[in-house]
Amino acid sequence: MTQPAHPVVDVHTHVVPKGWPDLAAACGGSDWPWLRIDSERAAMIMVGETEFRPVGAQCWDAPTRLADMTADGVDVQVVSPTPVFFGYDRPAEQAVRVARIFNDLTLEVTAAGGDRLLPFCQVPLQDPDAACAELDRCLAAGHVGVEIGNHVGDRDLDDAGIVTFLTHCAQVGAPVFVHPWDMPGGPRLDRWMARWLTGMPAETHLSVLSMILGGVFDRVPPQLRICFAHGGGSFPFWLGRADNAWHRRGDLVRGASAAPPSSYVDRLYVDSVVFTPPALRLLVDTMGADRVLLGSDYPYPLGERPAGAVVHEADFLTDTQRHQLLGGNAQRFLSG
């Protein structure tokens, strides 16, 4: 397929292959996710005997995905892993094996979409050397970037090993998509999907701050292209608070950063999954129209359908800005 001159690009979508080998046998360990097949077009991701998430054919069937894209006016999707499969809490050798399995299966799903489906891989982020090696393998095999979780246990994105991996991404030209995962639970968060409604935005906010206050943007090559999911979480709304704290309580807040947090907004991208025009306006005003990428979180129910609806509805955007958000910025994120 030949892409239009100004393609609409959705940078935030997920894949779940319909089948994978028994992960305990293939990777070692126990209590791996598995897929309960309920029908030809419906399944349930299981963790042990616990139902984790229902999924449908959109997750694994390229023709279904392509039909939805066409209905939404989306030309290209970036197709990333579903974070439950990261394996960051396991020994590195197990995370390497599971990454290889799902990365290879993702290529099988996206191959049916031609140049409309762009695969991002996963890596064993707990081991920087292994993560770099798996990224290199995947780029050679056809992946165009990498999705990572926003932390590994208590290690945030300013951890020395993770910075080593991000530096490698910059050096090889691989765009990085950061997705929150493994949110805290407990009685106050285990109802109303509160972990997703409050924990995810907070996790992303914390990880953006860790890159800024931890001095990561002062250390990694400037060519690093990194995008945070869900509009950057709560970070854009509270950027002024972070700047105020940096100036007024620099003894505690500045960390390793050379400048206030607002000085770094041109070093990162965020997606547009904020659902309402007023929220998008705040995002554009805070981050800049050149730093916001169309994202939908397809095909999950907390995502946006049709993809890009909020960008189309936002009457404050100029034609140039709308073009930037719908695809121009994504093209720069993907190709540098």
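No value in this document is a laboratory result; all are computed from the given coordinates. These figures come from a predicted structure and were not determined experimentally. Cβ placement follows ideal geometry from the backbone for every residue including glycine, while neighbour counts extend to all protein chains displayed.
Observations
- Listed residue (220, 142, 117) projecting farthest to the positive dipole end of the chain, Cβ model: 220
- DSSP beta bridge pairing in the chain, given as percent antiparallel to the nearest 5: 40 percent
- Radius 9 Å from Cβ of residue 230, net charge of other residues (Lys, Arg +1; Asp, Glu -1): -2
- Computed over the chain with a Gaussian network model linking Cα atoms closer than 10 Å, the most mobile of 188, 249, 219 is 188.
- P(r) tail fraction, segment 186-229 - alpha-carbon pairs more than 11 Å apart, %: 70 percent
- Cα gyration tensor shape for segment 182-288, rounded if a/c is under 1.5, else prolate or oblate: prolate
- Considering only 206, 66, 252, the Gaussian network model of the chain with Cα springs below 10 Å gives its largest mean-square fluctuation to 252.
- Charge tally for residue 245 (other residues, Cβ to Cβ under 15 Å; Lys, Arg +1; Asp, Glu -1): +2.
- Selection from 101, 307, 264, by position along the positive dipole direction of the chain (Cβ): 264
- For segment 44-55, 3J(HN,Hα) computed residue by residue from phi via the Karplus equation (6.51, -1.76, 1.60; θ = phi - 60°) reads 10, 6, 10, 10, x, 9, 9, 6, 9, 7, x, 9 Hz, glycine and proline entered as x.
- Listed peptides 12-19, 67-74, 46-53 by packing density, highest first (mean Cβ within 10 Å): 12-19, 67-74, 46-53
- Partnerless Cys - the chain, beta-carbon criterion under 4.7 Å: 27, 59, 132, 169, 227
- Three semi-axes describe the equivalent ellipsoid of the chain; taken as square roots of 5 times the Cα gyration tensor eigenvalues and ordered largest first, they are 29, 25, 20 Å.
- Here's how it looks for residue 298: its modeled amide H is under 5 Å from those of 14, 304, which are all 5 or more places away or on a different chain.
- Hydrodynamic radius of segment 1-126 by the Kirkwood approach over all distinct alpha-carbon pairs: 15.4 Å.
- A Cβ-based charge dipole, computed about the Cα centre of segment 137-187 with Lys and Arg at +1 and Asp and Glu at -1, lands at about 260 debye.
- Kirkwood analysis of the Cα pair distances in segment 97-139 returns a hydrodynamic radius of 10.8 Å.
- The tail of the calculated P(r) for segment 84-228 beyond 20 Å holds 49 percent of all Cα-Cα pairs.
- The shape of segment 232-336 comes out prolate: with a ≥ b ≥ c from the C-alpha gyration tensor, a/c is at least 1.5 and a/b beats b/c.
- Cα extents of segment 62-134 along the three principal axes, largest first (Å): 42, 19, 16
- Span-rule helices in the chain, defined as complete DSSP H runs reaching 24 Å or more along the axis (Cα) with Kyte mean at least -0.5: 92-111
- Put a plus charge on the Cβ of each Lys and Arg, a minus charge on the Cβ of each Asp and Glu, and nothing anywhere else: the dipole of the chain about its Cα centre is then about 500 debye.
- Top of 312, 143, 151 by mean-square fluctuation, Gaussian network on the chain, Cα under 10 Å: 312
- About the centre of its Cα atoms, segment 1-127 shows a dipole size close to 80 debye [charges on the beta carbon of Lys, Arg (+1) and Asp, Glu (-1) only; nearest 20 debye].
- Ordered from longest to shortest, the equivalent ellipsoid semi-axes for segment 144-237 are 25, 13, 12 Å, each the square root of 5 times a Cα gyration tensor eigenvalue.
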